[in-house]
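Right, one structure below, let's go through it.
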Amino acid sequence: MASEVALKNVDNACETAEEFTRVFYKQVDNSRHLTSKLYLDTGLLVWNGNGINGNDKIQKFLMDLPASNHVLKTLDAQPISENLVANKLTYLIQACGDVTYQNDDVKKPFQQTFLIVAVEGKWKIASDCFRLQVPHSN
Amino acid sequence: MNQLETYYNQYLLNRVSATQTLVEYIENCLITENEVSEHSYHKIMIYRWTESEVKLFEVLSEYFVVTFVPVQFETQNIVSTFYTSSLSFVLKIIKLDFMFPHARTMYNMDILFDDKTSHNLFKQRITIDNIVTSVVSSRFNEMFELNLSCFCNDPKFVEMKVFFYHLTLLSHFKILMIRMGRDTRILNLSNNNLSQVPLNILNFFIKGQLIGINLSNNNIPSLTELQRISSKIEKLWVEGNPLCEGLDSITYIKQIVQKFPRLTELDGIKLNNHGLMMPFYKNYLTVPDKRTKMLVEKFVSLYFSHYDSSRRKIDLFYDSMAQMMLSTSFLESEENAVYAAHSRNMLNPEKRQSILNNKRWYAKRAAILSVLTQLPKSSHDITSFSIDVLQHDHNCLILIIDGVFKEESTKVSPERILQFRRTFIFHVHSVHTMSFYNIVHEMFSVSLASPEIVKNSFKHPVRNLNQLTLINPEQEEKDVICTAFMYYTQLKRVEAEARLLSHDWDLRVALKAFATDCKNDIIHPDKFENTQLLVDEID
């Protein structure tokens, strides 16, 4: 019985992930100024190793980045066990794809992991870890 | 030398002795640019100066409107003295009556005219101009970098007792600076106590090839000072200045990049690699304390060294009810069969269907292990790893590792280099003072590494880490280690095993502990196989 419920949870995670990432990337690419609303007030964004805490700072940071176009290639999600997250429904989403910036044709591969929580019927990002897959210069 | 010159040699000049004749003589020398005068040094004496010598030179330079580089500065009792070859300086002192004001005090001066020659002072017939030129030229290298760091304390200046008291004096050595300005690409002005960006020096470089300026470790108070630097600059160093304090790194970078749109490197960190302004860091730690760092380092090295060598051992890192998912964008093909069989991807219509059918959601340690052990043998390049720690508290640790690994060729697939991201969520369980970490969630994404990444990885040989440590060794392995340990230590088997057990079968650590115990003589002779042991041999 418990495993059926668990399986159902995974399905929900995947469907939620699909919907959520659709909204997220659409906003990041087209209406960047609305994106910070998707983060918790106390949300954490780690962008290529730069840590940004809090909604306002995240908003400022995102606005400084050039215009983007994200194309996802893989997407998967799983629910996080309750005892780790103080009983708040939380999903772990991992997405990979390619992104192009500001009319530059070069596609850069990226990987992004979200932890989203349900808050008053809406899904918000508790933490977001984004990295471009580019070699570190020495 | 004519009669007039001999007459005035080593002549003490003051209000009384400085006659009109002398003044005319000096003026004449200045007009004719008499070469002799370049090597003739006059001793300037100032009485009762109590502030710093740099302040003295600044005051003199400003009041007498003259540029000079003092040599052999000394203070004895109430007299401060230095040498200069500047005849215009001498002339002005005479004309302004051998005194100068500062802070509502009048200071008196005397001059000992033509007291020494350049040969006396420098042991060679050279001028200040020669000395400065040779110092600056020696600091210019074949990479077109002019290193004027810590200029005033250059060993040659110290040796010759030339008090080049401020970097900006260089602007008066015009021929030298024009030559340097033409060719220099990178100008290093660090460690010069600058409280302003020295425009009078930079002016020589602006029309040339300058692409980088190093102003680190000075006294520049604010970012607005940087306006004086040309916006053509591509490399800039400003760390170690008061302007950096109180700014968080993001604002700091943003403000600087706005002023210098062509900037590719700030404080040695490459910025504009990919058309983006923000720097890339290899690691982010939400809690940057030592414990977290050590923990993460230990996990990463142990996990991956086992993953690469004896993969089945990684089961110890996982909780019994751990969940893992593998996702890739690999297309179904023979060479990707293993991945295809075990991975999920919501965005792949085929995969989506299979997700709804049989899930491929591995929700037990045994299941996880069985999947991971089916994947081809790997070799990870730990130097390529980027590790972000999003959370670490008494309950949970969230770790995201991005990196590259090489997959050995199998019957169906060639050797290839793959890019991965593994998100690990650990549950933390504390008993007394010890904390146990077990993976409860893992998301494993794999894709083909881009050609750029392939070119930049596996540059250093990958060493198999921690080869002397075993996690939960098999009896066979235990026997091998035990035999080795017994050979080195000559201990009885029982004792050897006990020691190895207490050190987690880490041979190195056990040997170290044994050596220490031996030195402290706390091992009972009964514990040894051979009682004729010579302790000295152990070391």
Grab the alpha carbons of the protein assembly as shown, take their convex hull, and tell me the volume per residue in Å³. 261
A correct Kirkwood calculation over the Cα atoms of the range B:120-238 returns a hydrodynamic radius in Å of 14.7
Relative to the longest principal Cα axis of chain A, at what angle does helix A:55-64 sit, 0 to 90 degrees, rounded to 10? 30
Listed by chain and number, the residues whose amide H is under 5 Å from that of A:Y39, excluding neighbours fewer than 5 places away on the same chain and using placed H, are A:I125
Inverse of mean 1/r across different Cα pairs in the range B:290-455, Kirkwood, Å: 16.7
Would you mind counting up the charge near A:Y39? Only other residues with Cβ under 12 Å from its Cβ, with Lys and Arg at +1 and Asp and Glu at -1. +1
Whole percent per 5 Å bin, from 0 to the bin with the longest distance: what is P(r) over all C-alpha pairs of chain A? 2, 9, 18, 24, 20, 13, 7, 4, 2, 1, 0
Along the range A:86-91, what does the Karplus equation 6.51 cos²θ - 1.76 cosθ + 1.60 (θ = phi - 60°) give for ³J(HN,Hα), rounded to whole Hz, x for Gly and Pro? 6, 6, 9, 4, 10, 10
Given a Förster distance of 30 Å, the FRET efficiency implied by the Cβ-Cβ spacing of B:M321 and B:T410, rounded to the nearest 0.05, works out to 0.45
Taking R0 as 45 Å, what FRET efficiency do you get between B:S61 and A:L65 from their Cβ-Cβ distance, rounded to the nearest 0.05? 0.35
Taking amide H positions as placed in the peptide plane 1.01 Å from N, state which residues far from B:Y362 in sequence (5 or more) or on other chains have amide H under 5 Å from it. B:M324
In Å, what Rg and Dmax follow from the Cα atoms of the range B:2-122? 13.8, 43
Anisotropy class of the range B:168-220 from Cα gyration tensor, a/c 1.5 cut: oblate
Relative contact order of the range A:2-132, defined on C-alpha pairs under 8 angstrom at six or more residues apart (%): 24
In terms of the charge dipole of chain A, which places +1 on Lys and Arg and -1 on Asp and Glu at the beta carbon, the residue among A:I116, A:L132, A:M63 farthest towards the positive end is A:M63
Once you put a point 7 Å from the Cα of A:A118 and another 7 Å from the Cα of B:T32, both along the Cβ direction, what distance in nm separates them? 10.2
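Around B:K232, under 15 Å between beta carbons, what's the net of Lys plus Arg minus Asp minus Glu among the other residues?
Values: positive: B:R185, B:K207, B:R228, B:K235, B:K259, B:R262; negative: B:E234, B:E265.
That works out to +4.
With +1 assigned to the C-beta of every Lys and Arg and -1 to the C-beta of every Asp and Glu, and no other charges, what is the dipole magnitude of chain B about the Cα centre in debye, to the nearest 20? Present the calculation step by step, with values, prior to reporting the outcome.
Working: 57 positive and 61 negative charges, 307 e Å.
Magnitude of the dipole: close to 1480 debye.
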Non-local amide H neighbours of B:H441 (under 5 Å, H modeled in plane, Pro and chain starts lacking H): which ones? B:Q323, B:I425
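Charges at C-beta only: +1 for Lys and Arg, -1 for Asp and Glu. How large is the resulting dipole of the range A:41-105 about its Cα centre, in Debye rounded to 20?
Values: 4 positive and 8 negative charges, 39 e Å.
Dipole magnitude for the range A:41-105 comes out near 180 debye.
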Sequence of A:K122, B:K527 once ranked by neighbouring C-beta atoms within 10 Å, starting from the fewest: A:K122, B:K527
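How would B:D114, B:D526, B:D506 line up from fewest to most surrounding beta-carbon atoms within 10 angstrom? Can you show the working numbers first?
Details: B:D114 21, B:D526 8, B:D506 16.
Ascending number of Cβ neighbours within 10 Å: B:D526, B:D506, B:D114.
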Compute the Rg to Rh ratio over the range B:475-538 from the alpha carbon atoms, using the Kirkwood formula for Rh, and round to two decimal places. 0.94
Report the label-to-label distance for B:Q374 and B:E24 in nanometres (one decimal), using points 7 Å from each Cα along the Cα→Cβ vector. 11.1
Enter the angle in degrees (range 0 to 90, nearest 10) between the Cα long axis of helix B:507-519 and the first principal axis of the Cα atoms of chain B, meaning the one along which they spread out most. 70
For chain B, what is one quarter of the convex hull surface built on the Cα atoms, given in nm²? 41.0
Taking Rh as the Kirkwood radius, which is the inverse of the mean 1/r over Cα pairs, what is the Rg/Rh value for the range A:57-107? 1.16
What list do you get for B:F426, B:F57, B:F528, A:F110 if you sort them by fewest beta carbons within 10 Å? B:F528, B:F57, A:F110, B:F426
Suppose each label sits 7 Å from its Cα in the direction of the beta carbon; what would the B:H429-A:D56 distance come out to in nanometres? 4.3
Can you work out ³J(HN,Hα) from phi for every residue in the range B:293-303, in order, using Karplus 6.51 cos²θ - 1.76 cosθ + 1.60 and θ = phi - 60°, giving whole Hz and x for Gly and Pro? 4, 5, 4, 5, 4, 5, 4, 4, 5, 5, 4
Taking Cα atoms, how many degrees apart are the long axis of helix B:475-489 and the longest axis of chain B, rounded to 10 and kept between 0 and 90? 50
Taking N as the number of residues in the range B:382-444, what is its Cα Rg relative to 2.2 N^0.38 Å? 1.48
Which whole-Hz ³J(HN,Hα) couplings does the range B:438-445 yield from phi under the Karplus relation 6.51 cos²θ - 1.76 cosθ + 1.60, θ = phi - 60°, glycine and proline marked x? 10, 6, 10, 9, 9, 10, 10, 10
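Can you tally the net charge around A:R131? Count Lys and Arg as +1, Asp and Glu as -1, for every other residue whose Cβ sits under 14 Å from the Cβ of A:R131. Mind showing how you got there, number by number?
Working: positive: A:K108, B:K282, B:R421, B:R422; negative: A:D98, A:D128, B:D388, B:D402.
Net charge around A:R131: 0.
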With +1 on each Lys and Arg Cβ and -1 on each Asp and Glu Cβ, how big is the dipole of the range B:1-130 about its Cα centre, in debye rounded to the nearest 20? 360
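With r as the distance between the Cβ atoms of B:R312 and B:Y487 and R0 = 30 Å, compute the FRET efficiency 1/(1 + (r/R0)^6) and round to 0.05. Present the calculation step by step, with values, prior to reporting the outcome.
On the way: r = 29 Å, r/R0 = 0.96.
Taking R0 as 30 Å, the efficiency between B:Y487 and B:R312 is 0.55.
Each value in this text was obtained by applying a stated rule to the coordinates, not by laboratory testing. Model, not experiment: these values are computed from the prediction. Note that we place each Cβ from the backbone using ideal geometry, even for glycine, and neighbour counts take in every protein chain shown.
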